[in-house]
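Scroll down for the structure; my scribbles are underneath it.
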Amino acid sequence: MLGISLDEDPEAVRAFLKEHKLPWRQIVSQGEKEKDIVQRYGVTTIPATFLIDGTGKIQRVDLRGDGLEKAVTALLERKTTVR
């Protein structure tokens, strides 16, 4: 799992991450790269979530909470049964 923060204040992101102890890697994107990411993936809300499979294909978008957890579990189970 990877998070990409579009926040303009990197220190605010670091403080948030320290407080909430998110278990995944977080990148702070600023400048032109930020605009490219937003445009390329059609981000219209923050946070935006994308569930991407092992081949790089986006499987689901804008999942939260239990829905995200169930979708990740289903994707992982599908991967282990395909072998």
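The values are calculated or read from the model by the stated rules, or taken from the named source; none is laboratory data. These figures come from a predicted structure and were not determined experimentally. Cβ placement follows ideal geometry from the backbone for every residue including glycine, while neighbour counts extend to all protein chains displayed.
Looking across region 6-50, the residues that are at pLDDT below 85, of a type in the set (G, A, S) and farther than 22 Å from A71 by Cα come down to S29, G31.
Can you work out which of the residues in region 51-73 that are basic (K, R) and surrounded by 10 or more Cβ atoms within 10 Å (Cβ to Cβ) is modelled with the lowest pLDDT?
We begin by selecting, within region 51-73, every residue basic (K, R); these are 57, 60, 64, 70.
Now narrow it down to the ones that are surrounded by 10 or more Cβ atoms within 10 Å (Cβ to Cβ): 60, 70.
Numbers: R60: 90, K70: 94.
Filtering region 51-73 for residues that are basic (K, R) and surrounded by 10 or more Cβ atoms within 10 Å (Cβ to Cβ), the one modelled with the lowest pLDDT comes out as R60.
Residues of region 1-36 that are closer than 26 Å to T73 by Cα, among the aliphatic types (A, V, I, L, M) and either surrounded by 11 or more Cβ atoms within 10 Å (Cβ to Cβ) or in the same structural domain as K70 (by TED's automatic domain parsing) (or both): M1, I4, L17, L22, I27.
Just to be sure before I move on: is L68 in contact with a Ser or Thr (Cβ under 7 Å, 6 or more places away or on another chain), of a type outside the set (G, A, S) and touching a residue at least 40 places away in the same chain (Cβ under 8 Å) in the structure I sent? Walk me through it before giving the result.
Numbers: in contact with a Ser or Thr (Cβ under 7 Å, 6 or more places away or on another chain): yes; of a type outside the set (G, A, S): yes; touching a residue at least 40 places away in the same chain (Cβ under 8 Å): no.
When the stated conditions are applied, L68 does not pass them.
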